[in-house]
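Scroll down for the structure; my scribbles are underneath it.
The values are calculated or read from the model by the stated rules, or taken from the named source; none is laboratory data. Bear in mind that the values here come from a model prediction, so they are computed numbers and not experimental data. Positions of Cβ are generated from backbone atoms using ideal geometry, with glycine treated the same way; all protein chains shown enter the neighbour counts.
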Amino acid sequence: MDLYDSNLEGIELNGIEIKNGNFKKSNIRKAKMHLANLQKSNFEFAEGAGLNINYGNLSFCNLQKGNFNNSDFSNSNLMFSNFEDAKLSGANFINSKLKGAKFKNAFMIGANFTGAEVDIKELEKGVLTNAIMPDGSKHD
């Protein structure tokens, strides 16, 4: 499905299945996509601040250079997704699966990774000021 440069602000797409979707440059601010299967979708340059996608499947997604500040990805599968150069400050990744995910140059100030399955060395390739690490400790 091609949703390139679409305005989907505030939309509710709970339980939707869009594999290999193109959300590049789309506005998905404050959208709700609980239980959505968006595997292998492209969210490059997407404006997704405040996105809420609990228990979603975003494995193998491209989220590079997107704005996902204050978004909630709790309990989601984000394995092998690419968050390089993304804005993730205040984002919530509680109990999410992030193995193989890339975070080079991502801004994750105040993000919450409590209980997340993630490679700490990969997380440290981004900016983690005041982020809560998987063990519950606060990153300096």
Item to check | Conditions (1) farther than 20 Å from LYS32 by Cα; (2) modelled with pLDDT of 95 or more; number of the one not met by SER74 | outcome: (1)
Next on the checklist: Just checking, does the stretch 90-103 include any residue being in contact with a Pro (Cβ under 6 Å, 6 or more places away or on another chain) and under 16 Å from HIS139 (Cβ atoms)?
Outcome noted: no
Checklist outcome for this item: Selection from the stretch 32-55 of residues buried (at least 22 other Cβ atoms within 10 Å of the Cβ), over 10 Å from the mean Cα position of the chain (by Cα) and either of a type in the set (Val, Ile, Thr) or farther than 14 Å from PHE83 by Cβ (or both) yields MET33, ALA36, LEU38
Checklist entry - Considering the stretch 77-101 alone, what residues qualify as being closer than 13 Å to GLY56 by Cα and either modelled with pLDDT under 95 or among the hydrophobic types (A, V, I, L, M, F, W, C) (or both)? => result LEU78, MET79, PHE93, ILE94, LEU98
Checklist outcome for this item: SER41: passes all of (1) out of contact with any Gly (no Cβ under 6 Å at 6 or more places or on another chain); (2) modelled with pLDDT of 95 or more but (1)
Checklist entry - Looking at PHE23, PHE68, PHE80, which is the one that is buried (at least 20 other Cβ atoms within 10 Å of the Cβ) and closer than 21 Å to GLU117 by Cβ? => result PHE68
Item to check | Enumeration of residues in the stretch 97-140 that are surrounded by 16 or more Cβ atoms within 10 Å (Cβ to Cβ) and among the polar types (S, T, N, Q) | outcome: ASN112, THR114
Checklist entry - Would you call ALA86 farther than 26 Å from ASP2 by Cα and buried (at least 22 other Cβ atoms within 10 Å of the Cβ)? => result no
